[in-house]
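Data first, discussion second: the structure below is written as structure tokens.
Throughout, read-outs are computed from the coordinates displayed, never taken from laboratory work. On a predicted model such as this, the values are computed, not experimentally measured, just so you know. Here the Cβ positions follow ideal geometry from the backbone for every residue, glycine too, while neighbour counts run over all protein chains shown.
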Amino acid sequence: MTLPALLSSLRIPVIGSPLFIISGPDLVIAQCKAGIVGSFPALNARPQALLDEWLHRITEELAAHNRAHPDRPAAPFAVNQIVHKSNDRLEADLATCAKWQVPIVITSLGAREDLNTAVHGWGGITLHDVIDDRFARKAIEKGADGLIAVAAGAGGHAGRLSPFAIVQEIRQWFTGPLALSGSIATGDAVLAAQAMGADLAYIGSPFIATDEANADPAYKDGIVAGKASDIIYSNLFTGVHGNYLRQSIETAGLDPDNLPDGDLKTMNFGGGNSAKPKAWKEIWGSGQGIGVVDRIEPVAARIDRLAAQYDAARARVLAR
Ligand SMILES: Cc1cc2nc3c(=O)[nH]c(=O)nc-3n(C[C@H](O)[C@H](O)[C@H](O)COP(=O)(O)O)c2cc1C
């Protein structure tokens, strides 16, 4: 699939980003049916054999939707692979993605040439997420088709750079598909990402507060109640810096304003019983853009609103 083909298949230029624990088939199918790319981390399907069932269900339900609604077909979906030496499932997960010819593979952490070649072998495209220009160049050298620039303010493992800085630098030399991640929560901000030079907006945290998200009701409420000033940037929980909701850190008995440093060696993406799911279950990841998320609602309603805001913002800017 090429970028123009991808963009023309979307209602608005948005990828619903992969969310550890939270995104599964319900969320992905709802996102794709509503016209944006839906995605999930392969590691969310536990045990590994569940990934086959998930891909079967997603493929069949989207195909059924397309037969029933040829006028508004579903957007393609993506699977996120964590390319880290601790991920002992990677080869098995890739083989399952090959079986279902997953249209888009999003890679995080490591850039690997053989993985890009494998995805291209079944006609898929790869997008690699990066937090600076150096990693962006490395990813493209290794054969990724496109990039996701993860700027400051993103949920989960966020970068430190201003979105302007990272997009400007990447656009000096890269003309391929580029998505921007970090605090995008309105249609206006989707348009801004495009004006800045990105092709797509990559949106995570706002989808936590939806009916289809696999998240504790209190976590969803926390996203609705939270504002940018409630987000704490720390490396304590996984060894890598990420953004988390202050309330969940307090509930865990820690002082959000005096967190010790984490240890990179604690990073573990294994298929077994790593400590990480517990950390993400109790310590709630969130980006800074949640101040505009004011309700829990179905994914389709959230995407309807994003699309209406996007159209209104475009008309407003064009009228100037
Ligand atoms: C709770 C949570 C879990 C996440 N898990 C993953 C993950 O497993 N893999 C990944 O590539 N990105 C993950 N991310 C990062 C998102 O894909 C994305 O970059 C980010 O959510 C975008 O910023 P936003 O939340 O401000 O919209 C996670 C983010 C959050 C909030």
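To the nearest 20 debye, what is the magnitude of the charge dipole of the range 161-320 about its Cα centre, counting +1 on the Cβ of each Lys and Arg and -1 on the Cβ of each Asp and Glu? Computed about the Cα centre, the dipole is about 380 debye.
Close lysine pairs were tallied over the range 1-157: pairs 8 or more places apart or on different chains with Cα atoms under 24 Å apart number 5.
Sorting 219-231, 64-76, 153-165 by their mean Cβ neighbour count within 10 Å, with the most densely packed peptide first, gives 153-165, 219-231, 64-76. If the segment from Y233 to M1 were pulled out straight at 0.36 nm per residue, it would be longer than the present Cα-Cα gap by 79.9 nm.
From most to least packed by mean Cβ count within 10 Å, the peptides 311-317, 172-178 give 172-178, 311-317.
With Cβ to Cβ distances under 15 Å as the rule, what net charge do the other residues near D26 carry (K, R +1; D, E -1)?
-2
Between E282 and A64, what length comes free when the chain is fully extended (0.36 nm per residue of separation minus the Cα-Cα distance, one decimal in nm)?
74.8 nm
Each peptide in 295-303, 11-19 receives the mean, over its residues, of other Cβ atoms within 10 Å, and ordering these scores from highest gives 11-19, 295-303.
The ellipsoid that matches the Cα gyration tensor of the range 1-74 has semi-axes, each √(5λ) in whole angstrom, of 22, 15, 10, with the longest given first.
Computed with the Debye formula from one identical point scatterer per Cα of the chain, without solvent, the log10 of I(q)/I(0) at q = 0.09, 0.14, 0.15 Å⁻¹ comes to -0.41, -1.09, -1.29. Over all other residues within a Cβ to Cβ distance under 15 Å of I12, the charged ones net out to +2, with Lys and Arg as +1 and Asp and Glu as -1. Computed extension length for D71-V240: 56.4 nm, one decimal, from 0.36 nm per residue of separation with the Cα-Cα distance subtracted. Among beta bridges identified by DSSP and lying wholly in the chain, the antiparallel ones come to about 15 percent.
Classify the range 84-182 as rounded, prolate or oblate from the Cα gyration tensor: take a ≥ b ≥ c as the square roots of its eigenvalues, call it rounded if a/c is under 1.5, otherwise prolate when a/b beats b/c and oblate if not. Because a/c hits 1.5 or more and a/b exceeds b/c, the range 84-182 counts as prolate.
Can you classify the range 29-134 as rounded, prolate or oblate using the Cα gyration tensor, where a ≥ b ≥ c are the square roots of its eigenvalues, rounded means a/c under 1.5, and otherwise it's prolate if a/b beats b/c and oblate if not? Here the range 29-134 falls in the prolate category.
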